[in-house]
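The values are calculated or read from the model by the stated rules, or taken from the named source; none is laboratory data. Keep in mind the model is a prediction, meaning the values are calculated, not measured. Neighbour counts run over all protein chains shown; Cβ positions are idealised from the backbone, glycine included.
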Amino acid sequence: MTSPSGTAEFDAIAPGYDASRGGTARAAGFAEQLAPLLDPDRPVLDIGVGTGIVAAELTARGHVVYGLDLSTGMLARALERLGPRVTVADACRLPVRTSSVSQAVSTWLLHTGPDHGRVFDEVARVLRPGGRYLVIPAGGTRPTDDIGAVVGELEDRLDPLRTRQDGPWTLAPIAEARGLVYRGTASERPTAFRVSPRAMARSLSGGLFTGAWSVTGDATRLVAEAQERLLALPDPDVPRVREMADFVMVFEKP
Ligand SMILES: C[S@@+](CC[C@H](N)C(=O)[O-])C[C@H]1O[C@@H](n2cnc3c(N)ncnc32)[C@H](O)[C@@H]1O
């Protein structure tokens with residue numbers, strides 16, 4: 001079965017998704033960041049659960065996690081990990097009763113394209129008073145090395161309306177307009193990875209950007225320009241150590 005438009009790309013990358021995104025080490029790191037902010041006695045709803053790799057790490061730490069996602073390809077792996085606690089559903093139309101959820105999480109969901117306003121409409125609806133929505137953004141901090149300067153500028157040019165930006169400055173006003181309170185960030189975890197300009201240029205090919213973002217038409221030219229700039233950097237085959245920080249954004253329903 002093919003997934004609805006917007007997540008069909010994830011069907012294609014699902015088999016290699018976990019390994020190409022830091023594998024279990026990334027997922028365990030996210031679980032360590034989320035766990036202190038979660039009540040182990042209440043179930044967790046993972047919105048955009050993907051392959052279930054983060055949910056499985058939370059489960060291993062004693063949490064009962066339910067998950068939903070629109071990509072059937074990603075969910076096939078989540079089903080193996082979590083069994084019937086996962087389902088196909090849209091983050092913009094949660095199949096959940098109003099005021100029935102104590103805690104929900106999303107890791108690396110909101111940069112992939114769902115309408116932020118509609119997701120927060122739904123989160124505000126399903127959370128109980130006192131309930132929490134924890135978000136680990138993909139674009140929380142940008143690496144400041146020479147590759148980061150080129151890729152950051154490409155992201156801005158491909159997304160001038162910032163529909164894929166998922167940091168606090170974008171999400172806090174959206175959440176607060178729906179009656180949620182933004183409590184700030186927690187559990188910051190510095191991370192570093194190594195990549196050369198040439199490898200980064202290569203990863204921008206193939207019509208996908210950040211592995212999830214369909215690049216077509218005029219945008220292809222912007223990607224080609226960024227690739228040229230990456231290859232023109234000094235020592236394009238020498239990996240840079242790219243430093244970032246992952247953090248959790250905490251939203252609460254009063
Ligand atoms: C980058 S992956 C992250 C998956 C997982 N949370 C993780 O950290 O590994 C983003 C996921 O969000 C899902 N997604 C995107 N838009 C969605 C929507 N509107 N409703 C449900 N899932 C969605 C995609 O199918 C994909 O599995």
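Some observations on this one:
Yes or no, residue by residue, for (1) within 8 Å of the ligand (Cβ to nearest atom); (2) farther than 24 Å from Arg142 by Cα; (3) crowded, with 20+ Cβ neighbours inside 10 Å:
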site	(1), (2), (3)
Ala8	no, yes, no
Gly29	no, no, no
Ile53	yes, no, yes
Asp69	yes, yes, yes
Met74	yes, yes, yes
Leu79	no, yes, no
Thr87	no, yes, no
Arg93	no, yes, no
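- Qualifying residue in region 160-178 (condition: within 16 Å of the chain's Cα centre (by Cα) and farther than 27 Å from Ala31 by Cα): yes
- For beta carbons closer than 8 Å, sequence separation of 6+ or different chains, a first residue in region 152-179 that is on the phi > 0 side of the Ramachandran plot and a second that is assigned to a loop (DSSP other than H, G, I, E, B) and buried (at least 17 other Cβ atoms within 10 Å of the Cβ), the qualifying pairs are Gly179/Lys253.
- Residues in region 126-138 that are outside any helix (DSSP H, G or I), surrounded by 17 or more Cβ atoms within 10 Å (Cβ to Cβ) and modelled with pLDDT of 90 or more: Leu127, Gly131, Arg132, Tyr133, Leu134, Val135, Ile136, Pro137.
- Taken residue by residue, region 155-163 has no member that is within 28 Å of Glu228 (Cβ to Cβ), of a type in the set (Asp, Glu), touching a strand residue (DSSP E or B) at 6+ places or on another chain (Cβ under 8 Å) and part of a loop (DSSP other than H, G, I, E, B).
The rows are residues; the columns are (1) closer than 20 Å to Val64 by Cα; (2) within 21 Å of the chain's Cα centre (by Cα); (3) more than 11 Å from the ligand (Cβ to nearest atom); (4) at pLDDT 95 or above.
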| residue | (1), (2), (3), (4) |
| --- | --- |
| Ser100 | yes, no, yes, yes |
| Gln103 | yes, yes, yes, yes |
| Arg118 | no, yes, no, yes |
| Ala124 | no, yes, yes, yes |
| Gly140 | no, yes, yes, no |
| Pro143 | no, yes, yes, no |
| Val151 | no, yes, yes, no |
